[in-house]
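Structure first, then comments.
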Amino acid sequence: MTETPSGLSAFSLAGRTALVTGAGQGIGRVLALGLAQAGARVAVTDVNGETVAHVADELRAAKAEAAHRVLDVARSEDIEPAVAWAERELGPIDVLVNNAGIRERVFDSFAITAADFDQILAVNLRGPFLLCQAVGRRLAERGGGGSIINIASQLGLVGMAGRPAYTASKGGLINLTRTLALEWAPRRIRVNAIAPGPIRTPHTQARVSDPATNARYQDATPLGAWKEPEELVGAAVYLASDASTWVTGHVLVVDGGFTAR
Ligand code: NAI
C-alpha cells in the first residue's frame, strides 16, 4: 500500500487480492465483480457452494483471477482454514469484505428465540470478527497494511421495530469496526464499514413485493428505496484502495438518505 493517494490510479486494485464472504448472490456477488473490475484477484466464499461457484465463473468470464469455496461464517473452526486457502489460491490477502449476513425470520421481539438470536449474532458479528482476526494477523505479520470492509447496515445506526438481533448485530459490527481501526492503525490495517440502505437483493425481495412494506421503505428513503447493489461498488472500491489511505474507523453510509432525518 502506498503512503499518499494520487489521482484516479489510487482507485486501482491491480495486483491486490480480496476475500469476500456471502458472495454467492446479492450485494456480495456485485462487490466481488466490482473489486475484480478495479483489478483485484477475488476469492469468493459463501455457505451456498452452488451459487458461489457460479460467481467464480462470472469473475473468470470477466477475465479476473478467482477462486471459490464454501464457507459458513458461523462455523468458527472453518474460518482460519478458509483464509489460509484463499492465500494459497490467490496470494496474500490485501482486502477483506465481510458481507455475509442474515436477519430475523419473525419480526417480533417477543417471539424470537435464543437460538435464532445466537445464530444471527454468529453470522453477522462473531464470524466477521473472526475473519478480521485471521486476516488481520496475516496483514500485521507482513507489515504492509491492508483494508477491511465490514458490510453493516443503516439498521446498525438506527433502530427498527421487530429486528432486535439484526440491529444489535449491525450496531455491534459498526463499533467493532471502530475498535479494530484504533487497535490496528499503527500497523496500517484500515478497518471501515459500509452501511447500505434498502438494496434490491434476494434477501429483500419479499419486502419489495409487499405493497405496504414497500411503501414504508419508499417513504423512509428520500432518494428512493431498493436500488441495485451496484450503488455500493464505488464505496467498496474507494475503501479497498489507496484512494482512502487516511480513512479508518469510518462508516460510509450509502442509504439514499434513510438515516438523514
Ligand atoms: P442476500 O441474502 O441476498 O445474500 C447473502 C449471501 O450470504 C447469500 O449468498 C447467502 O448464501 C450468504 N450467507 C448467508 N448466511 C451465510 C453464512 N452463515 N456464511 C456465509 N454466507 C452466508 O443478502 P444481501 O441483501 O446481499 O445482503 C448482504 C449484506 O448486506 C448482509 O450483511 C446484509 O445484512 C447487508 N445489508 C443488506 C441490505 C439490503 O437492503 N439488501 C441493507 C443493509 C445491509
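The values are calculated or read from the model by the stated rules, or taken from the named source; none is laboratory data. Just so you know, these numbers come straight off a predicted model, no measurement behind them. Neighbour counts are summed over all protein chains in view; Cβ atoms, including those assigned to glycine, are modelled from backbone coordinates with ideal geometry. These accessible areas exclude ligands, DNA and RNA; they are computed on the full protein's heavy atoms, side chains included. Shrake-Rupley method; radii C 1.70, N 1.55, O 1.52, S 1.80 Å.
Can you compute the modelled spin-label distance between Val70 and Asn214, with each label point 7 Å from Cα toward Cβ, in nm? Each label point lies 7 Å from its Cα, and together they span 3.6 nm. Less than 5 angstrom separates the built amide H of Arg16 from those of Arg41, all sequence-distant by 5 or more or on a different chain. With every protein chain in place and a 1.4 angstrom probe, the accessible-area ranking of Tyr166, Tyr238, largest first, reads Tyr238, Tyr166. Between the amide H of Val254 and those of Ala195, Gly197, distances stay under 5 Å, these residues lying 5 or more places away or on another chain, with hydrogens modeled in the peptide plane. Look at where the Cα atoms of the stretch 47-64 and of the stretch 124-169 average out, and the two centres are 23 Å apart. Heavy-atom accessible surface of Val251, to the nearest 10 Å², is about 20 Å², with a 1.4 Å probe and all protein chains retained. Across Gly136, Gly91, Gly24, mean-square fluctuation computed from a Gaussian network of the chain (C-alpha pairs under 10 Å connected) peaks at Gly91.
Here the 3J(HN,Hα) profile of the stretch 72-80, calculated from phi with Karplus coefficients 6.51, -1.76 and 1.60 at θ = phi - 60°, is 8, 5, 6, 8, 3, 5, 8, 6, 4 Hz, Gly and Pro shown as x. Shape class for the stretch 215-261, computed from the alpha carbon gyration tensor (a ≥ b ≥ c): oblate, with a/c not under 1.5 and a/b at or below b/c. Here's how it looks for Ile148: its modeled amide H is under 5 Å from those of Leu96, Arg190, Val191, Asn192, which are all 5 or more places away or on a different chain.
Around Gly172, under 14 Å between beta carbons, what's the net of Lys plus Arg minus Asp minus Glu among the other residues?
Values: positive: Arg126, Arg163, Lys170, Arg178; negative: Asp118.
Here the count lands on +3.
Hey, what's the stretch 13-127 come to in accessible area per residue, 1.4 Å probe, Å²?
On the way: 5030 Å² over 115 residues.
For the stretch 13-127, the solvent-accessible area averages 44 Å² per residue.
Considering the chain as a Gaussian network with a 10 Å cut-off on Cα pairs, which listed residue, Ser109, Ser12, Ser76, attains the greatest mean-square fluctuation? Largest GNM mean-square fluctuation: Ser109. Taking Lys and Arg as +1 and Asp and Glu as -1, the other residues whose beta-carbon sits under 15 Å from that of Gly197 total +3.
For the stretch 27-82, trypsin sites (Lys or Arg not before Pro) are listed when DSSP marks them as loop and at most 11 other Cβ atoms sit within 10 Å of their Cβ; the list is Lys63. Near Gln154: Cβ cut-off under 10 Å, other residues only, Lys/Arg at +1 and Asp/Glu at -1. The net charge is 0. Here the stretch 144-241 has 56 percent of its accessible surface on carbon and sulfur atoms, given a 1.4 Å probe and all protein chains in place. Phi angles across the stretch 236-253 convert, under the Karplus curve 6.51 cos²θ - 1.76 cosθ + 1.60 with θ = phi - 60°, into 3J(HN,Hα) values of 5, 5, 4, 5, 6, 9, 6, 5, 10, 4, 9, 10, 8, x, 9, 10, 8, 8 Hz, Gly and Pro given as x. Counting only protein chain heavy atoms and rolling a 1.4 Å probe, the accessible areas of Asp46, Asp72, Asp57 rank, largest first, as Asp57, Asp72, Asp46. Thr179 exposes around 70 Å² of accessible area when a 1.4 Å probe is run over every protein chain in place.
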